[in-house]
1. For the range 77-100, state whether one or more residues are surrounded by 14 or more Cβ atoms within 10 Å (Cβ to Cβ), among the hydroxyl-bearing types (Ser, Thr, Tyr), more than 14 Å from the chain's Cα centre (by Cα) and more than 22 Å from residue 165 (Cβ to Cβ).
2. What residue, of 105, 46, is among the aliphatic types (A, V, I, L, M) and either surrounded by fewer than 17 Cβ atoms within 10 Å (Cβ to Cβ) or modelled with pLDDT under 95 (or both)?
3. Would you confirm, using the coordinates I've provided, whether residue 78 is among the aliphatic types (A, V, I, L, M) and within 19 Å of residue 132 (Cα to Cα)?
4. Please verify whether the range 78-93 includes one or more residues that are modelled with pLDDT of 75 or more and on the phi > 0 side of the Ramachandran plot.
5. Would you mind finding the one in 123, 167 that is modelled with pLDDT under 90, closer than 13 Å to residue 58 by Cα and buried (at least 19 other Cβ atoms within 10 Å of the Cβ)?
6. Looking at (1) of a type in the set (A, V, I, L, M); (2) touching a Ser or Thr at 6+ places or on another chain (Cβ under 8 Å); (3) under 19 Å from residue 131 (Cα atoms), can you tell me which one residue 90 breaks?
7. Can you find a residue in the range 22-43 that is modelled with pLDDT of 90 or more, hydroxyl-bearing (Ser, Thr, Tyr) and within 22 Å of residue 189 (Cβ to Cβ)?
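The values are calculated or read from the model by the stated rules, or taken from the named source; none is laboratory data. Because the structure is a prediction, the values reported are computed rather than measured. Methodologically, a virtual Cβ is constructed for each residue, glycine included, from the backbone with ideal geometry; neighbour enumeration extends over all protein chains shown.
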Amino acid sequence: MTKIINAMVHSKNAEELKKKINDLRIERAKIVKSAVSKIPELRRLIQLMNKPIKHMLIYCADESQLDAALEILNEFSLSVQKITGQEGSAPQPMYGGLSERQHLIKTFADGKLDVLLAIRCLDEGVDIPEAKTSIILASSGNTKEFIQRRGRLMRPYPGKVLANIYDLCVLPEDPAHRISGIWENEKSRILEYSEDALNFDTIKSLIARM
């Protein structure tokens, strides 16, 4: 798809093809978000993490990716709950006067859930200072979105010395395509996320070699 986009951008009819180019870029971004290679990488990350795993947020692109991630987490016998924005928002007696969504977040904060699997619904207006680890399977070039997600993990909480953020990035296999919008978006987000990270120098060095 990148080859097609580049050909259109540099064609004599580029101005006329603007809408088509934009549509293809949107479609490409969706592919990047839900890349199947992210799922085995999720398994590898979970294997490498110190146990027990607690207070982890995982952001997914869609229901399909969320279900695939859930299968991986079940392999490690983690207590997991989906939170997709479909949960009830009205107070319920069965949840002690909380809404279903508030109940799920409180259960997670209390340590009764190890992981919250989310689709876009924990970006704004939600405060979970207990969260200390985040795996971002799906992200975008939206600066506001990834700043909010980073901030979600950086809330102070007793006993939380630092937070770990794993942002799974997708790069074109062909080095010639590193000049594409994919690489620019991913690089921009990596640098934004990592500017306050303890391993910032390592990240800069990796980017420089790409």
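1. Yes: one or more hits.
2. Details: 46 fails: either surrounded by fewer than 17 Cβ atoms within 10 Å (Cβ to Cβ) or modelled with pLDDT under 95 (or both).
Being among the aliphatic types (A, V, I, L, M) and either surrounded by fewer than 17 Cβ atoms within 10 Å (Cβ to Cβ) or modelled with pLDDT under 95 (or both) holds for just one of 105, 46, which is 105.
3. Numbers: among the aliphatic types (A, V, I, L, M): yes; within 19 Å of residue 132 (Cα to Cα): yes.
Here the answer is yes, as residue 78 does meet what is asked.
4. First, the residues of the range 78-93 that are modelled with pLDDT of 75 or more: 78-93.
In the following step, the residues that additionally are on the phi > 0 side of the Ramachandran plot were identified as 85.
Checked against the condition, which is being modelled with pLDDT of 75 or more and on the phi > 0 side of the Ramachandran plot, the range 78-93 yields at least one hit.
5. Numbers: 123 fails: buried (at least 19 other Cβ atoms within 10 Å of the Cβ).
Unique residue meeting the criteria: 167.
6. (3) is the only condition that residue 90 fails.
7. no
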